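Participant: Right, I'll just put the structure down here and ask away after.
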Amino acid sequence: MRFNDKKLNASICGSLMVDEDQRNDLSGARLLKAFLAGPQDLSFSETASDVTASMWTTLRGSILPQHSLDWIKVFKPAAFAVAGARQRLPVARFGAPLARAVDACLGLRRSGGEFSRWFGAGDATASQGRYTVSDVDADGFAGLLGKFTSRFAVHPDWDEQVLSRVMSDASAKKDYGEIFRCTVAARTGAVIGAFIYFGRHGDIGHVLQVLALPGQAGAVIDCLINHAAAEGLAGIRGRTQPALLEAMLGRRIIFINVNSTVVHSRDPELVRQFQAGNGFFNGLVGEHWSRIFGDHFD
């Protein structure tokens with residue numbers, strides 16, 4: 001990563017694991033302490049449980065509240081409920097036909113108002129015709145990252161080889177469905193944003209990354225919502241970033257805290273930048289690009 005003219009090394013801490021016969025109450029704390037004592041300038045995790053987050057703060061790490069929320073937009077309430085239940089109870093898939101009938105009934109009855117704002121594309125349809133959403137390949141998306149992240153005080157600074165690896169692994173998530181990589185352009189043809197998400201018809205889509213120029217986050221989010229709804233998804237969910245939060249507030253998006261995003265550095269100024277929303281993290285700059293999330297290795 002880079003902070004002004006200074007190049008930084010950042011490390012991401014995923015799961016903490018020990019052999020069963022070595023387990024004790026201090027195992028996790030000892031592992032985390034050893035990790036944070038490494039040579040890196042910045043340490044992150046975006047999947048810290050309550051217990052792990054407490055260990056981070058004990059070791060002078062900081063929780064980033066604006067990075068620590070999952071956001072959810074529901075298009076088809078019944079199908080969304082069935083898709084969510086199916087993740088824990090596979091037999092729930094037999095409820096899909098009934099869910100489709102219920103959602104179809106609700107679709108006939110909703111003619112606007114608050115219901116349609118909460119479910120379906122809602123106000124996002126107002127952006128149709130004003131912006132052009134186009135497919136882009138992995139190299140094309142990678143080429144846009146610098147444009148959208150360099151405005152942050154602390155931002156990624158990958159070399160070509162590492163970025164190619166990240167984009168390759170980020171495209172392999174068989175459990176999440178088909179990948180959709182898109183750019184969003186204004187009428188002038190200027191690209192104002194881009195997004196990556198995964199999904200399949202009737203399922204819950206997983207948003208990996210949303211990029212937007214300053215002042216354009218609302219339009220990009222609307223285009224993402226329109227695109228996913230048109231693909232027949234029951235809903236979408238992703239991880240928040242401070243630069244997107246304000247635009248999300250008026251779009252009937254649900255926010256929940258499942259895991260916390262945490263940061264640690266021996267340089268307090270770097271931590272302050274992230275606390276102020278001036279650091280780019282989560283998504284491709286995080287853990288969820290890895291094949292550990294959404295893929296399998298058989």
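The values are calculated or read from the model by the stated rules, or taken from the named source; none is laboratory data. What you are looking at is a predicted structure, and each value in this text was computed from that prediction instead of being measured. Cβ atoms come from the backbone with ideal geometry, glycine included; neighbour counts cover every protein chain shown. Just the protein is used for accessible areas: all its heavy atoms, side chains included, with ligands, DNA and RNA removed. Shrake-Rupley method; radii C 1.70, N 1.55, O 1.52, S 1.80 Å.
Participant: Enter the accessible area per residue of the range 149-298 (Å², integer; probe 1.4 Å; all protein chains in place).
Facilitator: With the other protein chains kept in place, the range 149-298 gives 41 Å² per residue.
Participant: Give me the dipole magnitude in Debye, nearest 20, for the chain about the Cα centre, with unit charges on the beta carbon: positive for Lys and Arg, negative for Asp and Glu.
Facilitator: 840
Participant: Turning to a different aspect of this structure: How large is the helix-only mean residue ellipticity at 222 nm for the chain, computed as the sum of -39500 (n - 2.57) over DSSP H runs with n ≥ 4, divided by its residue count, in deg cm²/dmol to the nearest 500?
Facilitator: -10000 deg cm²/dmol
Participant: Can I ask one more? Give me the percent of the accessible area of the chain that comes from carbon and sulfur atoms, probe 1.4 Å, all protein chains in place.
Facilitator: Details: 7910 of 15130 Å².
Carbon and sulfur: 52 percent of the exposed surface of the chain.
Participant: Related question: Pairs of alpha-carbon atoms within less than 8 angstrom and 6+ residues apart define the contacts here; what relative contact order does the range 160-298 have, in percent?
Facilitator: Normalised by residue count, the contact order of the range 160-298 is 27 percent.
Participant: Expected output is a single nm value to one decimal: the length gained when fully extending between His296 and Gln161, i.e. 0.36 nm times separation in residues minus the C-alpha distance. What is it?
Facilitator: 46.3 nm
Participant: Specify which residue in the list Val263, Phe141, Thr183 is farthest towards the positive end of the charge dipole of the chain, using unit charges on the beta carbon of Lys, Arg (+1) and Asp, Glu (-1), about the Cα centre.
Facilitator: Result: Thr183, furthest along the dipole toward the positive end.
Participant: OK, next. Compute the length gained on full extension between Ala172 and Thr57: take 0.36 nm times their separation in residues and subtract their Cα-Cα distance, giving the result in nm to one decimal.
Facilitator: Taking 0.36 nm per residue and subtracting the Cα distance, the gain is 38.1 nm.
Participant: Let me ask something else about it. At 7 Å along Cα-to-Cβ for each site, give me the label-to-label distance between Leu144 and Arg100 in nm.
Facilitator: 3.2
Participant: Still on this model: Which residue, Ile72, Ile236, Ile254, has the most motion in a Gaussian network model of the chain that connects Cα atoms within less than 10 Å?
Facilitator: Ile254
Participant: If you take the square roots of the eigenvalues of the alpha-carbon gyration tensor of the range 240-298 and sort them as a ≥ b ≥ c, do you get rounded (a/c under 1.5), prolate (a/b over b/c) or oblate?
Facilitator: Since a/c reaches 1.5 but b/c is at least a/b, the shape of the range 240-298 is classed as oblate.
Participant: Answer rounded, prolate or oblate for the range 150-261, using the Cα gyration tensor with square roots of eigenvalues a ≥ b ≥ c: rounded when a/c is under 1.5, else prolate when a/b is larger than b/c, else oblate.
Facilitator: It is rounded, given that a/c, with a ≥ b ≥ c, falls under 1.5.
Participant: Separate question: Cut-off 10 angstrom, C-alpha nodes, Gaussian network model of the chain. Which of Ser150, Ser27, Ser168 fluctuates the most?
Facilitator: Most flexible of the set in this elastic network: Ser27.
Participant: Let me ask something else. For the chain, restrict the atom set to alpha-carbon positions and state the Rg and Dmax in Å.
Facilitator: 20.0, 63
Participant: I'd like the orientation of helix 77-86 relative to the chain: the angle between its Cα long axis and the longest Cα principal axis, in ° from 0 to 90, rounded to 10.
Facilitator: 50
Participant: Tell me which of Val51, Ala10, Leu32 sits at the most positive position along the dipole axis of the range 1-60, charges placed on C-beta atoms (Lys, Arg +1; Asp, Glu -1).
Facilitator: It is Ala10.
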